[in-house]
Amino acid sequence: MRFTKLHGLGNDYIYINTFTEDLSGYDLPSLAQVLSDRNFGVGGDGIILVMPSTDADFRMRIFNADGSEAEMCGNGVRAFAKYVYEHGLTSKTSLRVETKAGIVRPQLQVEDGRVSSVRVDMGQPRLQRREIPMLGTPPDQPVIEQPLEAADETFLVTCVSMGNPHCVIFVDDVDNFPVDEVGPAVENHPLFPNRTNVEFVTVMDRKHVQMRVWERGAGETLACGTGASAACVAGALTGRTERAVRVSLLGGALHIEWAADDHVFLAGPAAEVFSGEVSEELLKLAKL
């Protein structure tokens, strides 16, 4: 099985081109777990499948390192766009990609035949409690700075769905915040029936925030595009920031704008690391 490793600001995924690779004999959650293992596999935050679509240019499926399937990934779709362009699957610089969260629209900036950056229309944020989804009442109202008890503390949370669930917590010093303790407690909180991604954000000024992210199914990662988008929306909703911000993450910076048309736009780089072939011995562990 051939694969290509790409990342967006260190949020790394193993890409498998299903136009050439037959995955019908594999359990996909198991395949994600086997390949994502950083000691015994290729290593990554998950796998992303490059697939044909009847409704868009391509279809993208994402399986986290723990085998769970994600609805969307902002860093993943930027690297996806780079992959399909640079590997000759398309010559378009404006794409429509089908995801479990709906159609997303990457715009590619190409220099000398290489994709230097990608700007993605992430669509409209979903703010109603039921849309996140989050239990409680009223189900049709937003969750803005509401108390949530986790890890023996009470946090004020603002929740946003970018096609996948996010819980944003503003903190004074994100560098020294116990993300590895609070992150899993919030991710698995009973109020989130599908679990949630968790963003810990420190506001540097009204146009710049610093963020660490605990990704559902992957743990702390170096970057998260949908999480950065959610942080931008949460900052504007709570009056802490403007609607356009630079989000500094452990892996680098993303530029997010919650535009006047209610769509969120994400811009940042993506990079290819290497391509390779997985041994049959390893793949046996994921066979049906």
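For Leu285, what charge total do you get from the other residues with a beta carbon under 14 Å from its beta carbon, if Lys and Arg give +1 and Asp and Glu give -1?
-2
Tell me, in nm to one decimal, what length is gained between Asp180 and Ser91 on full extension, where the rule is 0.36 nm per residue of separation less the Cα-Cα distance?
27.9 nm
Show the residues, 5+ positions off or on another chain, whose built amide H is closer than 5 Å to the amide H of Arg59.
Met51, Ser53, Glu98
With a ≥ b ≥ c the root eigenvalues of the C-alpha gyration tensor of the range 140-252, is it rounded (a/c under 1.5), prolate (a/b larger than b/c) or oblate?
Rounded shape, in that the Cα axes give a/c under 1.5.
With unit charges on the beta carbon (Lys/Arg positive, Asp/Glu negative), name the residue among Ile132, Cys159, Val179 whose Cα is farthest towards the positive pole of the charge dipole of the range 122-196.
Going by the charge dipole, the pick is Ile132.
The range 68-115: which trypsin sites (Lys or Arg not before Pro) are DSSP loop and have at most 15 other beta-carbon atoms within 10 angstrom?
The qualifying sites are Lys92, Arg96, Lys100.
From the backbone phi of the range 192-204, what are the Karplus-calculated ³J(HN,Hα) couplings (6.51 cos²θ - 1.76 cosθ + 1.60, θ = phi - 60°) in whole Hz, Gly and Pro given as x?
10, x, 9, 6, 8, 7, 10, 10, 10, 10, 10, 7, 7
Cα to Cα, under 29 Å, and not fewer than 8 places away if on the same chain: which lysines meet these conditions relative to Lys284?
Answer for Lys284, where 29 Å is the Cα cut-off: Lys5, Lys100, listed by chain and number.
Between Pro139, Pro125, Pro269, which gets the highest mean-square fluctuation from a Gaussian network model of the chain, Cα cutoff 10 Å?
Sorting by GNM fluctuation, first place goes to Pro139.
Just from its helices, what would the mean residue ellipticity at 222 nm be for the chain, if runs of 4 or more DSSP H residues each count -39500 (n - 2.57) and the sum is divided by every residue, rounded to the nearest 500 deg cm²/dmol?
Helix-only estimate at 222 nm: -5000 deg cm²/dmol.
Under 17 Å between alpha carbons, and skipping anything fewer than 8 positions from Lys92 in its own chain: which lysines qualify?
Within the straight-line cut-off, Lys92 pairs with Lys82.
Taking 0.36 nm per intervening residue step and subtracting the Cα-Cα distance, what contour gain separates Arg130 from Glu145 on full extension?
Net length gain for the segment: 3.8 nm.
What FRET efficiency comes out for Asp66 versus Leu282 if R0 is 25 angstrom and r is the Cβ-Cβ distance? Round to the nearest 0.05.
After rounding, the FRET efficiency stands at 0.90.
Please state the charge dipole magnitude for the chain, taken about the Cα centre, from unit charges on C-beta atoms (+1 on K and R, -1 on D and E), reported in debye and rounded to the nearest 20.
Here the chain has a charge dipole of around 740 debye.
Taking θ = phi - 60°, what integer Hz values does the Karplus form 6.51 cos²θ - 1.76 cosθ + 1.60 yield along the range 84-96, in sequence order, with x for Gly and Pro?
So the Karplus estimates, Gly and Pro as x, are 5, 6, 6, 9, x, 7, 7, 10, 6, 10, 10, 10, 10 Hz.
For the range 243-258 and the range 70-96, write down the distance between their C-alpha centroids in whole Å.
20
Expressed as a rounded percentage, what relative contact order does the chain have, with Cα pairs under 8 Å and six or more residues apart?
After rounding, I find 21 percent.
Just how large is the dipole of the range 170-250 about the Cα centre, in debye to the nearest 20, putting +1 at every Lys and Arg Cβ and -1 at every Asp and Glu Cβ?
Here the range 170-250 has a charge dipole of around 420 debye.
Under the Karplus relation 6.51 cos²θ - 1.76 cosθ + 1.60, θ = phi - 60°, what is the ordered set of whole-Hz ³J(HN,Hα) values for the range 241-258, x standing for Gly and Pro?
These are the phi-based 3J(HN,Hα) values: 9, 6, 8, 10, 9, 9, 10, 8, 10, 4, x, x, 10, 10, 10, 10, 9, 9 Hz.
Cα centroid distance between the range 14-50 and the range 160-175, in Å?
Between the Cα centres of the range 14-50 and the range 160-175 lies a distance of 28 Å.
For Gly43, which sequence-distant residues (separation of 5 or more, or a different chain) have an amide H within less than 5 Å of its own amide H, given hydrogens modelled in the peptide plane?
Ser36, Asp37
Dipole of the range 48-143, Cα-centred, from +1 at each Lys and Arg C-beta and -1 at each Asp and Glu C-beta, to the nearest 20 debye?
100
Here, each number is a calculation from the coordinates, and none is a lab measurement. Since the model is a prediction, treat every value here as computed from it, not as a measurement. No Cβ is skipped: glycine too gets one built from the backbone with ideal geometry, and neighbour counts run over all protein chains shown.
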